[in-house]
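Shown next, in structure tokens, is the structure this report addresses.
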Amino acid sequence: MATAQTDTGRSNQKKRTRTAIVDAARGLIGTGSEVTMPEVARVALVSEATAYRYFPDLPSLIGEALAGVWPDPVDALGPVADSRDPVERIAFACEFLLRGTQARQGGVRAMMAATIVRPDTANMRPGIRFGLIDHALAPLAATLGETDPAAFTQLKRGLAVVMAADALFTLTDQCGLTPDEAITSAVGTAKTLTEAAVRAATKAAEAQEAQEG
């Protein structure tokens, strides 16, 4: 009986320690501060060695800390849920994503830095943009997605390049834009790509109607 109670106590302590480490990482990410394993350990009041016993590397810790922080695409695009305009929807999605990225840039930069030198760990990056893009472009799925699947896929790929932390940090760090300017620039590009796709889908539909008529 005593052994069972001891095991339960240890198990609960491990859960509390793990939670403390994740909460510390999440708190640092939320402030936009630099996220490192030593700093997370300091905030969590554990040793760095202890933090590494629970998480073998920084990406795995950040990945867990970010889990659940971002809303799902349906909730994220709630303000434009009634819109059937893919341009309006993608503009909202792009701004939502990049403002969230800017707010959490400490964790995002740390994740990018840790995974870019280890391509095998790239799948640990959350990939929030892909769900947002799919949901934002839902009105095009039955038009462009049916008439020209290749063009629809290429649009999604183009948007994935624009709606990305890499793009945001390139505009701020290397082009010298403020975060607001960078986000406005990226949103404009996302809209331009989507508008071109909408025009193509409209022309294709008109051409088909003309042939049928």
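Stretching the chain fully between residue 42 and residue 196 yields a gain of 50.4 nm (0.36 nm per residue, less the alpha carbon separation). Label separation (residue 208 vs residue 170): 3.4 nm, computed from points 7 Å beyond Cα along the C-beta direction. A Förster radius of 41 Å, combined with the Cβ-Cβ distance separating residue 116 from residue 13, puts the computed FRET efficiency at roughly 0.70.
Ordering 50, 31, 153 by accessible surface, largest first, gives 31, 153, 50; the 1.4 Å probe counts only protein heavy atoms, with every chain in place.
If you run the Gaussian network model on the chain, springs between alpha carbon atoms under 10 Å, then out of 104, 18, 118 the most flexible one is 118.
Rounded, prolate or oblate: which fits the chain, taking a ≥ b ≥ c as square roots of the Cα gyration tensor eigenvalues, rounded meaning a/c under 1.5, else prolate when a/b beats b/c? Cα axes put the chain in the prolate bin. Taken about its Cα centre, the chain carries a charge dipole of roughly 980 debye when the Cβ of each Lys and Arg holds +1 and the Cβ of each Asp and Glu holds -1.
The listed residues 117, 46 rank as 117, 46 when sorted by accessible area, largest first, using a 1.4 Å probe. Given only helices, namely DSSP H runs of n ≥ 4 each adding -39500 (n - 2.57), what is the per-residue ellipticity at 222 nm of the chain, to the nearest 500 deg cm²/dmol? So the helix-based figure for the chain works out to -23000 deg cm²/dmol. For residue 91, the shell of other residues with beta-carbons less than 11 Å away shows a net charge of -2, using +1 for Lys and Arg and -1 for Asp and Glu. Once C-alpha pairs closer than 8 Å and six or more residues apart are averaged by separation and normalised to the residue number of the chain, the relative contact order reads 21 percent. Summarising the label geometry, the points placed 7 Å from Cα in the beta-carbon direction at residue 49 and residue 72 lie 4.3 nm from one another.
The values are calculated or read from the model by the stated rules, or taken from the named source; none is laboratory data. Remember, it's a predicted structure, so these values are computed and weren't measured experimentally. No Cβ is skipped: glycine too gets one built from the backbone with ideal geometry, and neighbour counts run over all protein chains shown. Accessible surface is based on the protein model in full, side chains and every heavy atom, while ligands, DNA and RNA are left aside. Shrake-Rupley method; radii C 1.70, N 1.55, O 1.52, S 1.80 Å.
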